[in-house]
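Below you'll find the structure I mean.
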Amino acid sequence: MTSPSNALARRASRLAGAVTAMATLALTVPAWAQLAAPALDPSKLMQGFPPPPEYRVHIGNWQQNPQKLWSFRHTRELFPTRPLKPTGPVRELPLSSRDSLAQLQVGSADAPLTWPQMLAATHVDAALVLHKGRIIDERYFKGMQAHEPHLMFSATKSMAGLMGATLIAEGRLDENAKVGTVLPELADSAWADATVRQVLDMTDGVRFTEVYTDPSSDIFPYVAAMGWVPPEFRKPGSPFGIQAMLPTLKRVEPEARGSAFRYRSAATDVAAWIAARAAQQSLSDWLQQRLWSRLGMEHEGNVMLDPVGTEVAFAGMSASARDLGRIGQMLLQRGRWDGQQIIPEKVIEQLIRGGSTEAFKASGLEKSRPGWSYRDQWWVNPQAPRSFAAMGAYGQRLYVFPDDELVVVLLSSHPQPIAALVDGPQLAGLKRLTESLRAPR
């Protein structure tokens, strides 16, 4: 007879195989993620009527490798979504007269790499580089095409943060307000006494674990509630939907509230709920009104929904590389676009300055990201070349370099959801890129 503990461990292991880490932190690679992927030809995924069983992509395998090569570009075919539709004429991104980056050396003397080789080695699907508003490099890998929206995972957090920060700058949301006041639905939860600012900067102190090797980790019931796993993985009677799950979080780390950065996806969904309540519109409606209707977007994007219609604000947005480039360019231009102030300039100034470096040190991430901070759901690097960035699992990146008039978009399907596997070569490559752009021509 199988013991309950063994059954629970096996259940967690199977669930971990269906749901990989969404965080961009450098986590230990769990055993299930180290297993060799089946020898499948990615070009045959979802081909046929019906596709052969081994080539079908579904809710139980969509984050596995190589199934993610298809699923990250087709989330609207796996989950309910709300569309982000371009309106009006497309705002073209002109080409630069500079040479492309095909021969740019971004490796070391011991391990020479060109820019394209570095992108391929870090499993990039799409890369776009804008310098002074012009395209100096645009590349697609593994069959991806320019018009395809790509899942951004936790880079979505930064879009929710942008909404919240804009509402604060416009005087429509008080950053010092208590969460329980703004959202009475959370008045009996651990979120109640945290401030809006603390939630946006993830210093709220609410205890929430994202450990994929621990069957008791909070992330398992959370992703089950939002519909990212097959129904059989949901515990009978458990909360259904993100907004039903959030009030169940009751524990607080008092020493962390307001003073320590703790990266947890649940905080983003609270931030998005707060912003939606203040704006009286959903995150997707705000993105549509503020960005897709005003930036001359080229392609349709989308935002994933949970089973009851709430947006998956922490990881559910998809967009094309070019449209993310337009967002980055607008932010680079201090929120202005074609003579309009799209995002208050104050918001961008605060992103450049960043959040509390002391709170970031308390997270334990100081060694891998020295001097960094987290502000309004954006990662801020004060080291030259300075940047603020939206970052997501498996290598999703939107970098804005305010001192270098540079925007870089990287959309990826890395086999692992671990930031350390892409940050080293990519950050070194980006530093070399900025040096080359500063050099006299």
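The values are calculated or read from the model by the stated rules, or taken from the named source; none is laboratory data. This structure is a prediction, so every number in the text was calculated from the model and none was measured. Don't worry about glycine lacking a Cβ; one is built from the backbone with ideal geometry, like all the others, and counts go over all protein chains shown. Keep in mind that these areas ignore ligands, DNA and RNA; they rest on the heavy atoms of the full protein, side chains included. Shrake-Rupley method; radii C 1.70, N 1.55, O 1.52, S 1.80 Å.
In this model, which of Lys157/Lys178; Lys178/Lys235; Lys178/Lys250; Lys85/Lys157; Lys68/Lys157 are farther than 24 Å apart at the alpha-carbon?
Details: Lys157/Lys178 21 Å; Lys178/Lys235 32 Å; Lys178/Lys250 16 Å; Lys85/Lys157 20 Å; Lys68/Lys157 20 Å.
Those over the limit are Lys178/Lys235.
Pull up all non-local amide H partners of Ile135: gap of 5 or more, or a different chain, and H-to-H distance under 5 Å with H placed in the peptide plane.
Leu95, Ser96
Quickly rank 42-53, 422-433, 196-207 as a protection proxy: mean count of other C-beta atoms within 10 Å, highest first.
Values: 42-53: 11.6, 422-433: 19.4, 196-207: 24.8.
Going from most to least packed, we get 196-207, 422-433, 42-53.
Counting only protein heavy atoms, what percent of the accessible surface of the chain is carbon or sulfur at a 1.4 Å probe? Spell out each step's value before the answer.
On the way: 9120 of 17550 Å².
Using a 1.4 Å probe with all protein chains present, the chain comes out at 52 percent carbon and sulfur.
What whole-number value in cubic angstrom gives the convex hull volume per residue for the C-alpha atoms of the chain? Working shown, then result.
Values: hull volume 68.5 nm³, N = 441.
Per residue, the Cα convex hull of the chain comes to 155 Å³.
With a cut-off of at most 12 other beta carbons within 10 Å, and DSSP calling the residue loop, which GluC sites (Glu not before Pro) in segment 180-289 qualify? Please list them.
Details: sites: Glu185, Glu210, Glu232, Glu255; in loops: Glu210, Glu255.
Qualifying residues, ordered by number: Glu255.
Can you give me the long-range amide H partners of Asp218? Hydrogens built in the peptide plane at 1.01 Å from N, cutoff under 5 Å, separation of 5 or more residues or another chain.
Residues meeting the amide H criterion: Thr209, Val211.
Could you pull out the trypsin sites (Lys or Arg not before Pro) across segment 225-310 that fall in loop regions by DSSP (anything but H, G, I, E, B) with no more than 14 other Cβ atoms inside 10 Å? Walk me through the numbers on the way to the answer.
Working: sites: Arg234, Lys250, Arg251, Arg257, Arg262, Arg264, Arg277, Arg290, Arg294; in loops: Arg234, Lys250, Arg251, Arg257, Arg262, Arg264, Arg294.
Answer in residue order: Lys250, Arg251.
How large is ³J(HN,Hα) for each residue in segment 285-291, as worked out from phi by the Karplus curve 6.51 cos²θ - 1.76 cosθ + 1.60 (θ = phi - 60°), to whole Hz, x for Gly and Pro?
Calculated HN-Hα couplings, in order: 5, 5, 4, 5, 5, 8, 10 Hz.
Mind listing the phi-derived Karplus ³J(HN,Hα) values for segment 176-182, rounded to whole Hz, using 6.51, -1.76 and 1.60 with θ = phi - 60°, and x for any glycine or proline?
8, 5, 7, 4, x, 6, 6
Something else: Residues with amide H under 5 Å of Trp337's amide H, sequence separation 5 or more or different chain, H placed in the peptide plane at 1.01 Å from N; which?
Answer set, sorted by chain and number: Ile342.
Moving to a separate point now. Round to a whole angstrom and tell me the spacing of the C-alpha centers of segment 122-199 and segment 219-278.
Taking the Cα centre of segment 219-278 as reference, the centre of segment 122-199 is 17 Å away.
So what is the accessible area of the chain per residue, in Å², with the probe set to 1.4 Å? List each step's numbers first, then the result.
Values: 17550 Å² over 441 residues.
Computed with neighbouring chains in place, this is 40 Å² per residue.
How far, in nm, would the chain grow between Lys250 and Gln289 when pulled straight, counting 0.36 nm per residue and subtracting the alpha carbon separation? Intermediate results must be reported in sequence, preceding the final value.
Numbers: separation 39, 0.36 × 39 = 14.04 nm, distance 3.50 nm.
Extra length from Lys250 to Gln289 when fully extended: 10.5 nm.
A follow-up question, please. Of all the Cα-Cα pairs you can form in segment 33-149, what percent are over 21 Å apart?
Values: 3787 of 6786 pairs.
Tail of P(r) above 21 Å: 56 percent of Cα pairs.
Something else: Provide, for q = 0.15, 0.22, 0.23 Å⁻¹, the log10 of I(q)/I(0) from a solvent-free Debye sum over equal Cα point scatterers in segment 255-370.
So the normalised log intensities work out to -0.88, -1.31, -1.32.
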